[in-house]
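I'd like to ask some things about the structure below.
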Amino acid sequence: MLQRDLATEFYGLPEYVIDQHETERTACGVRIYHWRSLGGVFVPLFTAVLAPTVLAQISQDAHAAALRAMREPIKSLDVWMPLKLAH
């Protein structure tokens, strides 16, 4: 994981709050579909296709970052509190 601030490189790009996902195997690797559940309706946001080795590394990094971000141990799989949109 990088130890520098990447915000300046990504300023202006879309950022999404994701609370639903699904994966499928493709000829190029693994496709991940990302959605946001709003009022019981799934809103599609984006897809990403990753090589299995890249996905494995991202998964390890994301898991470590999630554990650092949590204040309490996981009590259930529903750890993301529903958020209201800013607009």
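Given a 1.4 Å probe, how much area per residue of region 10-69 is accessible, in Å²?
Accessible surface, normalised per residue, equals 76 Å².
Residue by residue through region 7-20, which ³J(HN,Hα) values in whole Hz follow from phi under the Karplus form 6.51 cos²θ - 1.76 cosθ + 1.60 (θ = phi - 60°), with glycine and proline marked x?
In residue order, the calculated couplings are 4, 5, 6, 10, 4, x, 7, x, 10, 10, 9, 10, 10, 9 Hz.
Here's a follow-up. Once phi is turned into θ = phi - 60°, what whole-Hz ³J(HN,Hα) does the Karplus curve with 6.51, -1.76 and 1.60 give for every residue of region 41-52, x standing for Gly and Pro?
Karplus-based 3J(HN,Hα) across region 41-52 equals 10, 7, 9, x, 10, 6, 10, 9, 10, 10, 5, x Hz.
Given H placed 1.01 Å from N in the peptide plane, which residues other than close sequence neighbours of GLN20 have an amide H under 5 Å from its amide H?
The answer is TRP35, SER37.
The values are calculated or read from the model by the stated rules, or taken from the named source; none is laboratory data. In this text the structure is predicted, and so the values were computed from the model without any measurement. Protein only, heavy atoms only, side chains kept; ligands, DNA and RNA dropped before computing areas. Shrake-Rupley method; radii C 1.70, N 1.55, O 1.52, S 1.80 Å.
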